[in-house]
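Notes for the one structure printed next.
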Amino acid sequence: MDARVSWLDVRLGVRMLLKHPGLSLVGGLGMAVGIAISVAFFSMMSTLVFATLPLDEGERIVALENRDAGTSDEERRSLHDFLAWRGELESVQELGAFRTTEHNLVAGAGQPEPVQVAEMTAAGFQVARVPPLLGRYLVPSDERQGAPPVVVIGHDVWRNRFAADPGVVGRDVRLDGTVHTVVGVMPEGFAFPMNHRYWIPLRTDPAAHARREGPEIFIFGRLAPGVGMEEAQAELAAVGRRTAAAFPETHAQLRPVVTWYTRSLMDVQSVSLWGLAQQQLMVMLLLVVVALNVAVLVYARTATRQGEIAVRSALGASRRRIVGQLFVEALVLSAASAAAGLTLAHFGLKVGFRLFSRMEMQQDSAPFWTDYGLRPATILFTVGLAVLAAVIVGIVPAVQATGRRLQADLGRFGTSTGMRLGKVWTALIVAQVAISVAALPAAASLGWLAMRMAATRPTYPAEEFLAAQVATSTESPAAGTGAGITELMARLEAEPSVAGATYRARLPGRGGLVRVEGVPAPPESPAGHEVRSSGVHPGYHDVLGLRLLAGRSFEAADLGAEATAVIVNQAFVRQVLGGGSALGRRLRHVDPAGAAGGADGAEAVRWYEIVGVVEDLEANPLDPDLVDPALSYPVAPGAVEEVTVVVRTRGSAPAGFAGRMREVAAAVDPSLRLGTVRSLAESGRLDQLASYGMGGVVALILLSVFLLSAAGIYALMSFTVTQRRREIGIRTALGAHPGQVLRSVFARAAWQIGLGLVVGVAGAALLEGVTGGGLMEGRGVVILPALALVMALVGLLAAVGPARRGLGIQPMEALRAEG
């Protein structure tokens with residue numbers, strides 16, 4: 001016989017899976033979960049960071065950027081550098097730049113729609129090398145100051161906004177208050193440079209900005225023919241040194257670099273690539289641990305096949321051939337697990353990304369080069385994981401089973417005492433139980449936290465509210481948000497279907513986190529309590545219908561330049577003040593390092609006074625402490641760059657008012673841009689869905705861990721019974737009590753399980769100490785003993801079947817089988 005794998009081997013592997021359905025299901029589930037997590041991480045990294053652009057010679061498109069030598073951060077305010085590089089570099093051709101801006105689009109008689117626009121140099125289309133479907137794309141003359149405003153639109157826009165009108169070229173659209181002429185339509189799928197559907201010229205005026213000032217831009221180009229990254233970097237570095245010598249006050253610490261396009265846009269530094277590789281290895285470690293657990297099960301199962309292995313060896317099968325057969329059996333199992341894991345990862349990424357896009361109120365926000373489908377690289381990676389798992393599950397036990405003891409087993413063929421559970425496998429059983437006990441608290445805590453978070457509900461009638469972020473266009477900053485928001489609020493309140501209008505910096509419950517001093521600091525955070533802080537309209541709490549529990553509401557005088565009034569919620573009183581009195585207490589904001597600073601960075605030492613307490617925006621019956629402590633202070637709309645307008649409609653179906661909100665905003669000022677208009681009830685449902693999704697993933701991992709642990713203990717017990725079948729028969733024949741037999745047979749297994757529990761509890765306690773009680777939220781004294789008891793019960797239940805088989809061994813049958 002030789003070591004070649006035949007179709008018969010595969011068929012035998014399938015038969016073994018069907019013959020042992022318990023091992024197949026448990027081992028397959030565990031490996032599928034491990035493979036799914038590894039594949040999902042690999043797919044995200046490979047599609048977002050390491051992908052090649054799907055363009056002509058996309059691998060030669062690069063990005064150029066300045067990096068601060070001290071902080072390694074990118075400095076994208078590089079307008080002057082861009083113009084210099086465009087004139088001097090020879091190794092990088094067709095140098096272009098872009099930035100993303102947001103505008104209100106009005107086409108014909110349609111409603112205003114917020115859109116993202118790429119302000120890009122004409123060179124960007126030359127780099128992409130994709131001809132327009134209709135008309136033309138941008139040309140250098142469009143970039144001149146004073147040139148007629150033009151816009152190029154994407155295929156989706158042409159189809160959806162203009163009904164695929166072949167005469168769209170020459171039509172006018174308004175971006176904010178400026179009329180642009182459509183000069184071209186790009187073909188389907190074109191979204192360069194990131195994920196754009198509208199393109200207008202990037203008009204550069206270096207005289208308007210000093211060096212390292214002005215807009216942030218991304219610079220890109222195409223490597224010249226025959227030029228590599230090293231040559232391009234050397235030339236750019238030389239230009240950078242000359243610039244640093246000429247302008248040391250701004251460029252002495254800057255180091256220009258050439259990097260891969262996708263890594264630049266995804267803000268992945270080259271120095272962090274090794275970190276990403278380490279993260280991938282850590283994720284793959286889960287699969288390795290699972291595979292080792294499955295290997296223990298397979299090794300125990302192999303004990304029952306020792307006779308078969310001995311016969312095949314006696315008939316001339318080489319050790320290599322036998323190991324190859326066992327490897328194929330494991331490969332069949334890992335291949336099935338890989339297929340399930342790949343499907344799970346693909347589905348999870350699609351659902352997760354869609355949920356993330358909805359939560360961020362953005363649609364189609366993925367970079368144009370991303371592809372979460374079954375890409376060749378992902379399939380090859382999955383195949384590699386399947387082979388790795390098969391090697392661990394199949395070859396490692398096979399080598400042990402066909403080692404030096406095989407010849408001895410031939411001499412006593414028909415017995416079941418030849419195979420011994422070595423120290424390595426004993427250690428694996430101990431490690432299996434220990435890892436389960438040590439890792440389960442963190443996983444269970446995370447899952448329980450997700451479930452508790454999903455129980456959070458608003459205390460106000462969220463179904464009656466609509467919210468939308470409002471901002472002004474960068475093209476018309478003079479319009480300001482102050483007058484525009486004030487007028488918008490007045491007009492919205494005048495609408496018959498509106499019961500009230502208000503605003504704050506973010507959606508309710510999502511203010512920015514700040515630290516405060518002036519209140520007792522918690523022991524775990526000497527720097528101070530973290531609370532949610534937000535500026536609000538003076539009538540904000542009244543519009544939401546929040547009850548005032550103490551003190552007073554905001555007044556018009558609280559909007560003054562020297563005003564210090566703040567209102568806190570119940571959670572602030574409960575968690576920060578320990579239920580003590582809040583009214584009259586003074587506090588101020590501090591940064592994480594402890595330095596005083598206002599919430600907007602301008603009021604460095606201002607002390608605020610609590611003038612009122614309102615009920616919480618949300619309630620959580622399972623864990624009230626999950627409601628964040630929050631403070632709010634009144635702010636005029638002109639004091640912030642962006643606000644969220646919240647409208648309370650009359651009735652419980654506000655969705656129909658979304659379009660009217662856009663019309664009102666456009667009538668006030670074309671530069672007022674409303675983001676996605678969404679019901680606050682829908683936002684809450686999305687948050688709950690995300691929490692349930694996280695909890696489901698954790699539950700799947702916990703289930704696989706429990707099943708593998710139970711199966712491992714079951715295999716250990718079964719293996720012990722198989723090893724000592726003759727001994728059990730003899731002792732039973734001599735009149736030994738069944739309890740004595742069981743204690744003798746399972747003493748070693750119980751010792752291994754007990755040792756695993758001790759090691760696992762010690763490991764979990766160590767992690768609990770390192771995290772300062774964050775792992776189990778200070779409940780380790782209760783959780784660890786309970787978990788140890790659960791794992792002991794799992795072991796006990798798993799031992800029931802083998803124990804019954806041990807007691808059922810008849811002395812004469814055992815002696816006859818061993819003879």
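The values are calculated or read from the model by the stated rules, or taken from the named source; none is laboratory data. Please read all numbers here as calculations on a predicted model, not as lab measurements. Because the Cβ atoms are built from the backbone with ideal geometry, glycine has one as well, and the counts that use them run over all protein chains shown. These area figures cover heavy atoms from the full protein model, side chains too; ligands, DNA and RNA do not enter into them. Shrake-Rupley method; radii C 1.70, N 1.55, O 1.52, S 1.80 Å.
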Original post:
What's the local net charge at Thr52, with K and R +1, D and E -1, over the other residues with C-beta under 13 Å away?
Top reply: -1
**OP:** Order the following by accessible area, largest value first: Thr100, Thr382. Probe radius 1.4 Å; ligands, DNA and RNA are ignored.
**Re:** Thr100, Thr382
**OP:** Identify the GluC sites (Glu not before Pro) of segment 67-132 meeting these criteria: DSSP loop state and at most 11 other C-beta atoms within 10 Å of the C-beta.
**Re:** Glu90
Original post:
Hey, rough spin-label estimate for Glu213 and Glu663, points 7 angstrom out along Cα→Cβ, what's it come to in nanometres?
Top reply: 4.4 nm
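Ordering Phe50, Phe247, Phe657 by how much accessible area each has at a 1.4 Å probe, largest first, what is the list?
Working: Phe50 90, Phe247 65, Phe657 15 Å².
Reading off the accessible areas and sorting them downward yields Phe50, Phe247, Phe657.
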Subject >> With all protein chains modelled, accessible area of Ser24 [1.4 Å, Å²] >> reply: 20 Å²
Original post:
Taking K and R as +1 and D and E as -1, what net charge do the other residues with C-beta under 15 Å from the C-beta of Pro148 add up to?
Top reply: +2
**OP:** Compute the signed sum of charges (Lys and Arg +1, Asp and Glu -1) over the other residues within less than 12 Å, Cβ to Cβ, of Gln688.
**Re:** 0
Original post:
Just how much of Arg144 is accessible, in Å², when a 1.4 Å probe is used and the result is rounded to the nearest 10?
Top reply: 150 Å²
Subject >> Accessible area in the full protein assembly, largest first, 1.4 Å probe, for Tyr540, Tyr692 >> reply: Tyr692, Tyr540
**OP:** Mind grabbing the base-10 log of I(q)/I(0) for segment 534-584 at q = 0.14, 0.16, 0.23, 0.29 Å⁻¹? Debye formula, identical points on the C-alpha positions, no solvent, two decimal places.
**Re:** -0.40, -0.52, -0.99, -1.25
**OP:** Can you send over the solvent-accessible area of Thr676, 1.4 Å probe, protein chains only, in Å² to the nearest 10?
**Re:** 50 Å²
